[in-house]
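One structure below.
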Amino acid sequence: MSTDVAVVLLFTLAGFLIGGAYTTWKTARPLAVALGICAVLAALGAVLWLL
């Protein structure tokens, strides 16, 4: 897999996870926090993979 494709996919995953965290914030806060943490990890992985 190309480095650029992996980075784009990880950033896309982070975006979906952020959207899910935002959507579930009012109904299920623990799930929203978990999704937010996963989004941060995906974005961090993308940045580290880019380096």
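The values are calculated or read from the model by the stated rules, or taken from the named source; none is laboratory data. These numbers come from a predicted model, not from an experiment. We place every Cβ from the backbone using ideal geometry, glycine too, and count neighbours over all the protein chains shown. Heavy atoms of the whole protein, side chains included, go into the accessibility calculation; ligands, DNA and RNA do not. Shrake-Rupley method; radii C 1.70, N 1.55, O 1.52, S 1.80 Å.
Key figures for this structure:
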{"quantity": "Failed criterion for ALA42 (all others in (1) modelled with pLDDT under 95; (2) in a helix (DSSP H, G or I); (3) of a type outside the set (D, E, K, R) hold)", "calculated": "(1)"}
{"quantity": "Scan of region 1-15 for residues that are in a helix (DSSP H, G or I) and open to solvent by less than 80 Å² (accessible area, probe 1.4 Å), ordered by number", "calculated": "THR3, VAL5, ALA6, VAL7, LEU10, THR12, ALA14, GLY15"}
{"quantity": "Count of residues meeting criterion [outside any helix (DSSP H, G or I) and either open to solvent by 90 Å² or more (accessible area, probe 1.4 Å) or among the basic types (Lys, Arg) (or both)] in region 16-39", "calculated": "3"}
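Let's see how each residue does on (1) of a type in the set (A, V, I, L, M); (2) touching a residue at least 40 places away in the same chain (Cβ under 8 Å):
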| position | (1), (2) |
| --- | --- |
| VAL7 | yes, yes |
| LEU13 | yes, no |
| LEU17 | yes, no |
| THR24 | no, no |
| GLY36 | no, no |
| LEU41 | yes, no |
| LEU44 | yes, no |
| LEU51 | yes, no |
